[in-house]
Amino acid sequence: MRDQRVTTDTAAPPDRPAAERDAAAAPARGAASGPADPAAERDAEAAEAADASGSRGRQRLVVIGLVLAALNLRPAITSLGSLLEEVRDGLGMSGTLAGFLTSVPALCFAVFGLAAPRLARRWGPATVVCSGLAAITLGLAVRPLLGATAGFLTASALALAGIAVSNVLMPVIVKRWFPDRVGTMTGLYSMALSLGTSAAAAVTVPMTDALGGSWRLGLGVWAVLAGVAVLPWLAVARGRTNRQARAEAAGPARPDAPAGRITRSRTAWAMAVFFGLQATAAYITMGWMPQIFRDAGVSASTAGVLLAVTMVMGVPLSFVLPRIAARLRHQGVLVVALGTFGLTGYAGLWLAPAAGAWVWALLLGVSNCAFPLALTMIGMRARTSSGVVRLSAFAQCTGYLLSIPGPLLVGALYQHSGGWDLPIALMAALMLPQIAAGVLAGRDRTLEDEL
């Protein structure tokens, strides 16, 4: 009886949809009863074609959603940086509070990102991303309308909370919907993220002038782009793949899912340190590089263009680098290469900041592409979606916490010493542990292996 039951179950597994069982049984029935019905064959082929077409359509929708979401993960920050002086004057904000405002993004990314895994288990990753984009839209739309500093900070925190959970879940979305194209899809949304960052920095001021010079309109207009990004995720959140992800997360743990405490994983800690130090380098570059050039005698307008060049370098490289990384068993060689570019750029800033300004800006732009590399490695260092969401949350939240002191310390050294020799030496020194942590994180092993 046991053999007979096994044979029956193998022929028609109970969890297969009825249409699939009928299609699988059709050849056997045709062989037993005579020639197959041509109409039935045509119906079966049409059903298969419709299912394949629907699957491709869903994937295209997710691709559109990924690109639109990535475009909205930085404008809330870089648009404010472009108009910070006007915002300070308009709200009567003190210099100390304005300085605190520049460190709020990393703090919010660390704190709110911790909630992403639990929310994804409860509602599914696509639903959480959709909600995060809605929070970004609301925060960006409301904060220019508030006249008090406290209200402005609260609305900004709402937008940053939406960005934080979306940051964590982007690698999870890629791993879940495109498991065989992690490098390509990570490159695509990393490129879109870099494009959104650069565009907001470059366009906000001219757009504000075109709108009559109101900083409130200049900041609030970015809510329109965020609102557009919500639309495809409304459909993705109702899709079958998101429901499956939610059901798997809510159900019994998979045998290969990481069950231990993630703090026991050396790979997780290496990823966190690598992510944190590359974020430190990026924030220092964005916050202080124009001042370095201006103090060296470069004009303010040229210093701004140099920063734009550094940021724009991430657009093409963010698409190419993850694709290369996905083909390598060990990503350490890319980590070392990017670190070498960074060390060379810092050496140039220390020796001849004005004479080779364009070269140093290009080199540091290449070095800052450690960010898409880190995102790619997060997707590759876990076999399961649950592993990716845990590793992404731990690496990004811990990493952003580690990145908070860096820009503040650079500012303190600059004020104390009156020059840039000590701050640049610190930047170069931080690149060494970044390379070491990246090499460890790039080893061919997964979270499941260690836990």
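When Q396 is tested against (1) more than 26 Å from Q331 (Cβ to Cβ); (2) open to solvent by less than 40 Å² (accessible area, probe 1.4 Å), only condition (1) is not met. One residue alone among P171, P179 is under 17 Å from the mean Cα position of the chain (by Cα), under 23 Å from L328 (Cα atoms) and in a helix (DSSP H, G or I), and that residue is P171.
Conditions (1) of a type in the set (V, I, T); (2) under 30 Å from S265 (Cα atoms); (3) not in a loop (DSSP other than H, G, I, E, B), marked per residue:
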residue	(1), (2), (3)
G339	no, yes, yes
L349	no, no, yes
W358	no, no, yes
Q396	no, yes, yes
L402	no, yes, yes
L426	no, yes, yes
L432	no, yes, yes
L440	no, yes, yes
R443	no, yes, no
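Does G147 qualify as being free of Cβ contacts under 8 Å to residues at least 60 places away in the same chain and under 18 Å from Y400 (Cβ atoms)? Against the criterion (free of Cβ contacts under 8 Å to residues at least 60 places away in the same chain and under 18 Å from Y400 (Cβ atoms)), G147 does not qualify. Considering the stretch 263-277, the residues that are in a helix (DSSP H, G or I) and hydroxyl-bearing (S, T, Y) include one that is least open to solvent (accessible area, probe 1.4 Å), namely T267. Based on this model, can you work out whether P372 counts as assigned to a helix (DSSP H, G or I) and open to solvent by less than 50 Å² (accessible area, probe 1.4 Å)? Considered against the rule, which asks whether it is assigned to a helix (DSSP H, G or I) and open to solvent by less than 50 Å² (accessible area, probe 1.4 Å), P372 comes out as yes. Of the residues making up the stretch 336-363, just one is at pLDDT below 95, open to solvent by less than 20 Å² (accessible area, probe 1.4 Å) and not hydrophobic (A, V, I, L, M, F, W, C), namely G356.
Listed here are the residues, each with its yes/no results for (1) more than 17 Å from A226 (Cβ to Cβ); (2) surrounded by fewer than 18 Cβ atoms within 10 Å (Cβ to Cβ).
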| site | (1), (2) |
| --- | --- |
| A106 | yes, no |
| G132 | no, no |
| P144 | no, no |
| G147 | yes, yes |
| G151 | yes, yes |
| V168 | yes, no |
| P171 | yes, no |
| R176 | yes, no |
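The listed residues are A296, A237, and the only one of them that is on the phi < 0 side of the Ramachandran plot and at pLDDT below 90 turns out to be A237. Pairs are defined by a Cβ separation below 6 Å, a sequence spacing of at least 6 or placement on different chains, a first member in the stretch 150-177 that is charged (D, E, K, R), and a second member that is open to solvent by less than 20 Å² (accessible area, probe 1.4 Å); the pairs so defined are K175/G379; K175/V388; R176/A245.
In the stretch 312-335, the count of residues that are surrounded by 15 or more Cβ atoms within 10 Å (Cβ to Cβ), polar (S, T, N, Q), assigned to a helix (DSSP H, G or I) and at pLDDT below 90 is one or more.
When A437 is tested against (1) at pLDDT 90 or above; (2) of a type in the set (A, V, I, L, M); (3) over 28 Å from L114 (Cα atoms), just one condition goes unmet, and that condition is (3). Scanning the stretch 79-95 for residues that are open to solvent by 20 Å² or more (accessible area, probe 1.4 Å) and either β-branched (V, I, T) or outside any helix (DSSP H, G or I) (or both), we see that the one that is nearest to P105 (Cα to Cα) is S94.
Within the set A210, A155, A161, the sole residue that is surrounded by fewer than 24 Cβ atoms within 10 Å (Cβ to Cβ), within 15 Å of the chain's Cα centre (by Cα) and modelled with pLDDT of 90 or more turns out to be A161.
Can you pull out every residue in the stretch 267-282 that is within 13 Å of L430 (Cα to Cα) and either in contact with a Ser or Thr (Cβ under 6 Å, 6 or more places away or on another chain) or among the aromatic types (F, W, Y) (or both)? Can you show your working first?
As a first pass, look at the stretch 267-282 and keep what is within 13 Å of L430 (Cα to Cα): 273-282.
Those that are within 13 Å of L430 (Cα to Cα) and either in contact with a Ser or Thr (Cβ under 6 Å, 6 or more places away or on another chain) or among the aromatic types (F, W, Y) (or both): F274, F275, G276, A279, T280.
Among residues of the stretch 343-367 that are touching a residue at least 60 places away in the same chain (Cβ under 8 Å) and within 15 Å of I284 (Cβ to Cβ), those with a Cβ under 7 angstrom from a residue that is open to solvent by 60 Å² or more (accessible area, probe 1.4 Å) and not β-branched (V, I, T), sequence gap 6+ or separate chain, pair up as W350/D421; S367/F341. Filtered by the rule that a residue be within 25 Å of A70 (Cβ to Cβ) and either open to solvent by less than 60 Å² (accessible area, probe 1.4 Å) or among the basic types (K, R) (or both), the stretch 292-311 gives G304, L306, L307, A308, V309, T310, M311.
The values are calculated or read from the model by the stated rules, or taken from the named source; none is laboratory data. A quick note: this is a predicted structure, and the numbers were derived from the prediction, not measured. Every residue, glycine among them, receives a Cβ derived from its backbone with ideal geometry; neighbour counts consider all protein chains shown. With ligands, DNA and RNA removed, areas are computed over all heavy atoms of the protein, side chains included. Shrake-Rupley method; radii C 1.70, N 1.55, O 1.52, S 1.80 Å.
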